[in-house]
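S.K.: One structure, as structure tokens, below. Some questions next.
Laboratory data are not the source of any read-out in this text; all were calculated from the coordinates shown. What you see is a predicted model, and the numbers here were worked out from it, not measured in a lab. Note that each Cβ is placed from the backbone with ideal geometry, even for glycine, and that neighbours are counted across all protein chains shown.
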């Protein structure tokens, strides 16, 4: 088929409008959607209801257990360890070093690698994965998975209060975290040489503001509405999926899957659980995954070829395929890297799936990101239309 002709049949404006309307309905009807919440499940229920009228779509649900606060409390845990390290230093510098290294260890596993490092110390909850399958007209020779997440994050207090200073504040917190073990080691070395280590202890007192900033980083009383992050990706993936659920648009050889992986904001928990349980059901050589996350800022539209703080490389063939589809729509979309944070595609790539991520967000980060400003009024229908067009071109080109 010819992609440029094929995609003309889809009403991109209506699809973008549906995304905004559906996002508004979820936010107004169900309320805050932190990972593992009733509202997160209600959003998934709503998605299943929208797909339920079709006889050609098969839907599946699967729960999983996880500890959401293990991720959202990581800054606070490191801050407490840091403060204990400051106090322990005055007992002996080596004690300050131990606490400092523990604080770094938490950040390495929880923030840099998204490991389940703190999970044993927090209460467990249930979350949900949901997926819908649409088979092609003929025998399927390949699979395309459209992936997004339905949950929203707790508010980043300092981004809401000081958006222009957020970057320096985060840098200051990280510097304080690294200085604690360095200065503790220096004090220990001074003591071994018979010198007074109190000078390092006095410098360590200057790290207190950084640890306080880390302790209060997340406002656990406020959950971002999450219109852009990530109801935009969720309902855009659904809108594209639904367009192929008709006789005139049904794909010839490509099985299409719409996959919602729950509790992404708690450390990619749903994607990790789904991939672990189901990767053996797919031919990974003929399966491609497109993760959509925060479709809002057209000037920052990227195909993310690297993920998980830049440590995970997505499949180069999938990323080139998406880039070529974008060029067919008249948009030169560059490759990018998620240098701070991750998308669900990171967990799926680590499990062996061939993935690429499409996102459109100012990585500064955007002023609305993980704050109460992420409302339906702040969504961008034009950006949604552009990404929908790219997805139709990609799928048509592949089928």
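S.K.: Rank-order 308-317, 356-365, 201-210 by packing density, defined as the average count of other C-beta atoms within 10 Å over each peptide's residues, highest first.
M.R.: Working: 308-317: 17.6, 356-365: 22.4, 201-210: 15.5.
The densest-packed peptide leads the list: 356-365, 308-317, 201-210.
S.K.: Let me ask you something else. Wrap a convex hull around the Cα atoms of the range 118-259, take a quarter of its surface area, and give that in square nanometres. Kindly include the intermediate steps, with their values, before the conclusion.
M.R.: Details: hull surface 58.9 nm².
Answer in nm², one decimal: 14.7.
S.K.: For the range 93-136, just the Cα atoms, rotate onto the principal axes and tell me the three extents in Å, largest first.
M.R.: 65, 24, 9
S.K.: With label points built 7 Å along Cα→Cβ from the Cα atoms of residue 48 and residue 121, find their separation and express it in nm.
M.R.: 3.5
S.K.: Between rounded, prolate and oblate, where does the range 18-72 land on the alpha carbon gyration tensor, with a ≥ b ≥ c its root eigenvalues, rounded for a/c under 1.5, else prolate if a/b exceeds b/c?
M.R.: Oblate is the answer for the range 18-72, as a/c is 1.5 or above yet b/c matches or exceeds a/b.
S.K.: Relative to the first principal axis of the alpha-carbon coordinates of the chain, what is the inclination of helix 74-89, with its axis defined by its Cα atoms, in degrees from 0 to 90 and to the nearest 10?
M.R.: 10
S.K.: Nearest 10 degrees is fine. How inclined is helix 233-243 to the longest principal axis of the chain, computing both from alpha carbons?
M.R.: It is inclined by approximately 10 degrees.
S.K.: Okay, moving on. Which of the peptides 385-393, 42-50 is most tightly packed, and how do the rest follow, going by the mean number of other Cβ atoms within 10 Å of each residue?
M.R.: Values: 385-393: 24.8, 42-50: 18.2.
For the peptides 385-393, 42-50, the packing ranking is 385-393, 42-50.
S.K.: Normalised by the number of residues in the chain, what is the relative contact order in percent for Cα pairs under 8 Å and 6+ residues apart? Display every interim value, and only then the final one.
M.R.: Details: 837 pairs, mean separation 99.5, N = 399.
Relative CO of the chain lands at 25 percent.
S.K.: Sort 372-381, 66-75 for me by packing, meaning the mean count of neighbouring Cβ atoms within 10 Å per residue, highest on top. Before the final figure, lay out the partial values.
M.R.: Numbers: 372-381: 17.2, 66-75: 23.1.
Going from most to least packed, we get 66-75, 372-381.
S.K.: Seen from all sides and averaged, what is the projected area of the convex hull of the Cα atoms in the range 57-167, in nm²? Could you put the intermediate results ahead of the total?
M.R.: Values: hull surface 45.9 nm².
That works out to 11.5 nm², a quarter of the Cα hull's surface.
S.K.: Shifting gears a bit: Only helical DSSP H runs with n ≥ 4 go in: add -39500 (n - 2.57) per run for the chain, normalise by residue count and round the 222 nm mean residue ellipticity to 500 deg cm²/dmol. Provide the component values of the computation, followed by the final result.
M.R.: Values: 15 runs with 178 residues, N = 399.
Result for the chain, helices only: -14000 deg cm²/dmol.
S.K.: Mind running the shape call on the range 264-373? Use the C-alpha gyration tensor, a ≥ b ≥ c as the square roots of the eigenvalues: rounded below 1.5 for a/c, prolate if a/b tops b/c, oblate otherwise.
M.R.: Working: a/c = 2.15, a/b = 1.20, b/c = 1.79.
Oblate shape, in that a/c is at least 1.5 and b/c is the bigger or equal ratio.
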